Amino acid sequence: MTAKEIRESFLKFFESQQHLIVPSAPMVVKDDPTLMFTNAGMNQFKDIILGNREPKSRRVTDTQKCLRVSGKHNDLEEVGHDTYHHTMFEMLGNWSFGDYFKKEAITWAYQYLVEVLKIDPKNLYVTVFEGSEEDGLERDNEAAQYWAQFFPQDHIINGNKHDNFWEMGDTGPCGPCSEIHIDSRSEEERKLTPGAALVNKDHPEVIEIWNIVFMQYNRKADGTLEPLPQKVIDTGMGFERLVRILNGKQSNYDTDIFQPLLKSIGELSGFKYGQSEKTDIAMRVIADHIRAIAFSIADGQLPGNAKAGYVIRRILRRAVRYGYTFLNFQEPFLYKLLPALIQEMGEAYPELVAQKVLIGKVIKEEEEAFLRTLSTGINLLDNIIAAAKKEGSTQIAGKQAFTLFDTYGFPLDLTELICHENGLSVELEEFNAEMQKQKERARNAAVIETGDWQYLNNGETESCAWDKTECSCRILRYRKVEQKKKVFYEIVLDHTPFYAEMGGQVGDQGQLVNQNETVEIFDVKRENNMPIHLTTKLPENPNAEWTAKVNVEKRHASEANHTATHLLDQALREVLGTHVEQKGSLVTPDSLRFDFSHFQKVTAEEIRQVEKLVNRRIRENIPLQDHRDVPIDEAKKLGALALFGEKYGDKVRVVQFGNSIELCGGCHAKYTGQIGLFRIVSESSVAAGIRRIEAITGSAAEESMYYMQDVLTQISEMMQSKNIQEAIKKTIEENAHLQKQVEEATQERLAKMREEIVKKSVTTPEGIHIVKQVFVQDIPAQFVKDLAFQIANILPDNTLCAFGSKFDDKPLITVMISKDLVESRKLHAGNLVREAAKLIQGGGGGAPHFATAGGKDTTGIDAAVEKVLELAGL
Ligand code: ATP
Ligand code: MG
């Protein structure tokens, strides 16, 4: 079977068991503060498992794009070094939300693998949870008994809490799990060591392929377990691992999923896969990472220096670094692998094809930037190595290796490699200590302690944010949250007019009010599809009835900015072209920000054109047409703009203002006229091929005009002219003229001084000219230097100049020695001034021929000049 056929057979099998096939959620998670990337099939069902949302079907099946490079699941260091962990992979899964449980899940898993795929059960092993004393749980005998229908006892292995007890987080749904492992070693090897002995032992050919989780408990904040009201089956099978087994290969990379990429890397680098362990690892790393990078960018996550963007940047850098170190790539190469990737996956993932130009540009620019950083780092390391050698050390400090790692993206092995070539090693203990410190810092920053939900009423939240800014409500539940020593409370309401942050629009602020008290809501976030109201003070009587009041002024400002964002999007597509795709947005009451794909700077004229178009549509006062619950296909027929990497349901909301039609869940003005005025305040670049526009509307735009008017008025007053352009031009001309005069006067003065100084110079019996001068008036350093050089022209031989001067209360010693004197008397101007500068509380230095030194104490100038002569023996 081909990879595609295997994927389909899984979905078909579970469809025949009444499962609904649902699409993969995007790999990049938006609007969830707790998760950056989808790392398991269950992520998109979290709200169903937590009971916040009713499932469309109690049985579903899918294949999910996952990325395991951060947080709880981080396989990055394994990837490439082994042959079965990837950064990005597909996870096949089947779910039961309060429907079937262990018996069916186990039976179907067996039937699919053995009866449908014809895998020999002799090579399969299953694990069951052995129990845990601290949790008061005994062995999962129930699961073991169902497995025993299909497997002999020596294929059913006990596993500990770490491997066989799954938990959503510190609190929440959890339960035992069974993993299915497969032994793909040769007959002879199997005879020597039974597979059972190698399960969960990191053997590359005895690997886990499927995990079946039986969620039956809820863990509370105090650590105790209670039964889950609705039990859940959550399974995940690694698609790439399954394909490898069915293709009869020893490594995931030998399957048709990765072969075209490896071939392409081979052609670009001149290395052959299978040639040596080191180059093989590098080729696997690159083949794996290009998938993760390209898919993330297609999903809208660009490499950056924070959060999810930084994770992608690190993956990209890891790939570049392996290519650079082991495959001799000195120039960007990753982006050249895109055609091979698109050839392989473009059909199943049209977003790759649609955005291939952008993806290529972004990757290439990142590569270039990182290769520059690498070479800076290598220079730095060369210096560190030279210094260590000079000191006769055989090691470089762990701290230095850590700086290279942290700032220049040099992993330890690269630093070690380069050190090794120079006969040095890295002091590892210190490096590890620094690494540990950094990890702790990250951990402390991330620790969030959440208490148990306190339930007051049952039910789910109904939102009226699109229609109202005020409604009466009750609190359904609340809990305490602590982060970085700050305490706040999360409140869930039965009805809410508050908009919860999503799709770039920030959450509302406002109050919960009744006769007795007022509770300030400082933000509203969305967690697992539920609006969570944040406050620092818990109501005294949470059971009371409340009026929820949104801060209307801020809300209306946000609405105006959101609607303006749509008009901006539309105008950009008209002025620049339909290649403009939204790549991110931020809508707050104060301003709006819009990122979009476009390959050059937007010119000033284009900006003006866009502003004019938007303002014209504001004046046209176009009404909002709010289409709700539109089937997604109909919305697409309407021509609604959708975003890549965004998760849309079957029914969507379409926001229309005239010809601006977008899928959108945000709050909008009722008429475009409410925006008042639109002004773009900046245009910049965010990444290769991505531009950013920031703009303001309404009263903020009005204020900005007043500000500009005020500035102009003030300038006009200062210039005492109504025609400020003319006045400024005149001033600039006058200024240039004056400067020229000053320059001439200075030259004259210099000439006069020069003459006087030379006249005053003395000649020693040996014929050495000593030109000594302490200036009493303030003289700029450059002036003194010019003087010294001019004197050198008049007295080119046998001359020593020693000047003391000051400017702005800062003393300066200047010494100039003619070349012949430097040689014949072994003099060094730098050394002379350094020593003499001590008398003016300063320091300095320079060449043998010319040097200056500044200081702090002007009273020492005379003594310092004398010191120079004394030191020179004159
Ligand atoms: P492993 O111990 O091999 O890392 P896991 O226990 O982390 O696996 P689960 O979290 O149970 O795996 O995920 C379910 C399935 O997803 C696994 O059985 C495996 O087939 C697959 N899988 C997990 N991590 C990866 C990965 N990094 N690359 C490819 N497939 C993976
Ligand atoms: Mg794992």
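The set of residues in region 579-627 being under 34 Å from the mean Cα position of the chain (by Cα) and of a type in the set (D, E, K, R) consists of E581, K583, D590, R593, D595, K601, E605, E606, R608, E611.
Among the residues of region 254-300, not one is of a type in the set (K, R) and touching a Pro at 6+ places or on another chain (Cβ under 7 Å). For region 70-83, does any single residue satisfy the condition of being surrounded by fewer than 17 Cβ atoms within 10 Å (Cβ to Cβ), in contact with a Leu (Cβ under 8 Å, 6 or more places away or on another chain) and modelled with pLDDT of 95 or more? For region 70-83, residues surrounded by fewer than 17 Cβ atoms within 10 Å (Cβ to Cβ), in contact with a Leu (Cβ under 8 Å, 6 or more places away or on another chain) and modelled with pLDDT of 95 or more: absent. Tallying residues that are more than 18 Å from G689 (Cα to Cα) and hydrophobic (A, V, I, L, M, F, W, C) within region 334-366 yields 6.
Exactly one residue among P303, P332 is part of a loop (DSSP other than H, G, I, E, B) and buried (at least 24 other Cβ atoms within 10 Å of the Cβ), and that residue is P303.
Evaluate the following for N123: is it within 16 Å of ligand 1 (Cβ to nearest atom) and surrounded by 18 or more Cβ atoms within 10 Å (Cβ to Cβ)? Judged against the criteria, N123 is not a match.
Please work out if V79 is away from ligand 2 (no atom under 16 Å from the Cβ) and of a type in the set (V, I, T). It is false that V79 is away from ligand 2 (no atom under 16 Å from the Cβ) and of a type in the set (V, I, T).
Pairs linking a residue in region 62-85 that is under 17 Å from F258 (Cα atoms) to a residue that is of a type in the set (S, T, Y) and within 11 Å of ligand 1 (Cβ to nearest atom), with Cβ atoms under 8 Å and 6 or more positions apart or on different chains, are L67/T87; V79/T87.
For the residues I265, I233, I257, I212, the requirement of being farther than 30 Å from T450 by Cβ, of a type in the set (A, V, I, L, M) and either part of a strand (DSSP E or B) or at pLDDT 95 or above (or both) singles out I265.
Tallying residues that are in a loop (DSSP other than H, G, I, E, B) and surrounded by 15 or more Cβ atoms within 10 Å (Cβ to Cβ) within region 174-209 yields 6. Residues in region 16-55 that are surrounded by fewer than 15 Cβ atoms within 10 Å (Cβ to Cβ) and either touching a residue at least 60 places away in the same chain (Cβ under 8 Å) or part of a helix (DSSP H, G or I) (or both): P33, T34. Within region 693-720, residues that are within 30 Å of Q582 (Cα to Cα) and modelled with pLDDT of 95 or more sit with their Cβ atoms under 6 Å from residues that are surrounded by 15 or more Cβ atoms within 10 Å (Cβ to Cβ) and among the aliphatic types (A, V, I, L, M), at 6+ positions apart or across chains, in these pairs: I693/I680; A695/L592; A695/I680; T697/A560; T697/A564; T697/I675; G698/A560; A701/L677. Listed conditions (1) among the aliphatic types (A, V, I, L, M); (2) under 27 Å from G504 (Cα atoms); (3) away from ligand 2 (no atom under 16 Å from the Cβ); (4) modelled with pLDDT of 95 or more are all met by L11, apart from (2).
Tally the residues that are in a strand (DSSP E or B) and within 7 Å of ligand 1 (Cβ to nearest atom), restricting the search to region 56-78. Summing the residues that are in a strand (DSSP E or B) and within 7 Å of ligand 1 (Cβ to nearest atom) in region 56-78 gives 1.
Identification of helices (runs of 4 or more DSSP H) wholly contained in region 83-171 with 1 or more residues that are among the aliphatic types (A, V, I, L, M) yields 102-110, 141-147. Restricting attention to region 147-173, the residues that are surrounded by 17 or more Cβ atoms within 10 Å (Cβ to Cβ), aliphatic (A, V, I, L, M) and free of Cβ contacts under 8 Å to residues at least 60 places away in the same chain add up to 2. Among what's in region 82-102 and is out of contact with any Phe, Trp or Tyr (no Cβ under 7 Å at 6 or more places or on another chain) and hydroxyl-bearing (S, T, Y), pick the residue that is farthest from ligand 2 (Cβ to nearest atom). My answer is Y100.
The values are calculated or read from the model by the stated rules, or taken from the named source; none is laboratory data. None of the values given here were measured: they were computed from a predicted structure. For neighbour counting, all protein chains shown are included, and Cβ atoms are generated from backbone atoms with ideal geometry for every residue, glycine included.
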